[in-house]
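Shown next, in structure tokens, is the structure this report addresses.
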């Protein structure tokens, strides 16, 4: 009797299930199941038994003589055949009544599925030939689009987030979409579930963006024209006073910061941060009244406590309208540009650090408790896989055996089984959550460390800073200006 061995004939990654032709079982028929496969054997079109990886097993000897002469068929299932697949949809018409904006929006990303029930999977498709990744992808993409279009459209129609800041709600879109897909009965009926889903980006039609820009620019110009019409002699005098005051501040800044440092470095830094935070929200009338009260005092004497007054003036531009204090430019860039000693960079580093931190929490919605940035452990593991520059993982270490070990951050909260539930988010993780790719997130985390070293003066920090600036062939001034530019361009620094 002729020997026949049944085994998969197409072992490509794109094939999930492949069926043999029907055959009449005789004593010479064998089965071989490679690793990463299982086989399901049908007896008269009904599933009869399952075969684990093996080589050349005689079917009737292993699984029963009673099957001899029966019409049978074998399905070979490649259990690891499903790679990550892209998804995307666009041109969702949004009418944002809150912000009076109308535009077309879309989203894209990737997803990965896990087969939970091979019986249901095979029943969902034609039981002959093959079931491919493309077959499954087609059905899943249809569901993602159906659910995602409604979800994304509703999300933008009722948000206070500007069309130019939509990246700040990417995380929420991902969570909502993943949650809805996890509960989708049609996927369960197919014997699959969404194991992972990422949102690479949310995009707005460029023509619509341009129309919104034009409208905003026109409104801004109208406001400027209206304010100029309302200008009077008192405002003109106030501008002149502010200009004189600014000149005095810039002249005395280095001297007064040094005086504060001499009194108590820790106390001075505390005052700087408290004043920056409290005055950020100052009203125009309060700030202008304070300026006028202090002008006479500056004309008479500069007291030993002037450093505190300087710090109160630093965030003036935040509290005042541009039409009122156009000439006052005490921004982080201004402070850096006018610095003459290392001490002069401390307030600028504090301003940048504070605003970026505030944006990570409030603009990008990162989890933050007890002065710590946190992230769900499952979300952390997903970022670990994306945190890669070229062939180098940022959060994995290759062992001598060639396998990788994932860096484990501090655990903040465990589940009932003692497994990590929430962990601390490293700086590179935070910046990837804010939408930066791995390379720019790594760059941002390096800059974050430098800002911290400038803020907290010590001999060790000075040595490390000097070494860095020498390596980068940049002065501290040039380096800080590049940091400021980088954070501005990526929407992380918005104070000025």
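The values are calculated or read from the model by the stated rules, or taken from the named source; none is laboratory data. The model shown is predicted, which means the values in this text are computed figures rather than measured ones. For neighbour counting, all protein chains shown are included, and Cβ atoms are generated from backbone atoms with ideal geometry for every residue, glycine included.
Quick look at the numbers
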read-out	value
Filtered residues of the stretch 450-463 (kept if loosely packed, with under 13 Cβ neighbours inside 10 Å and part of a helix (DSSP H, G or I))	459, 460, 463
Top-ranked residue of the stretch 464-476 - restricted to ones that are exposed (fewer than 13 other Cβ atoms within 10 Å of the Cβ) and closer than 22 Å to residue 493 by Cβ, ranked as nearest to the chain's Cα centre (by Cα)	472
Any hit, the stretch 140-156, residues being over 28 Å from the mean Cα position of the chain (by Cα) and crowded, with 18+ Cβ neighbours inside 10 Å	no
Options 81, 110; residue that is surrounded by 14 or more Cβ atoms within 10 Å (Cβ to Cβ) and outside any loop (DSSP other than H, G, I, E, B)	110
Test: residue in the stretch 370-383 that is crowded, with 16+ Cβ neighbours inside 10 Å, under 21 Å from residue 453 (Cα atoms) and in the same structural domain as residue 457 (by TED's automatic domain parsing)	yes
Yes/no for residue 418 being at positive phi, assigned to a loop (DSSP other than H, G, I, E, B) and at pLDDT below 90	yes
Single unsatisfied condition, residue 340 versus (1) at pLDDT 90 or above; (2) more than 13 Å from the chain's Cα centre (by Cα)	(1)
Residue count, the stretch 91-101 (criterion: surrounded by fewer than 15 Cβ atoms within 10 Å (Cβ to Cβ) and touching a strand residue (DSSP E or B) at 6+ places or on another chain (Cβ under 8 Å))	3
Residue in the stretch 124-149 that is nearest to residue 38 (Cα to Cα), counting only those that are in a helix (DSSP H, G or I) and touching a helix residue (DSSP H, G or I) at 6+ places or on another chain (Cβ under 9 Å)	136
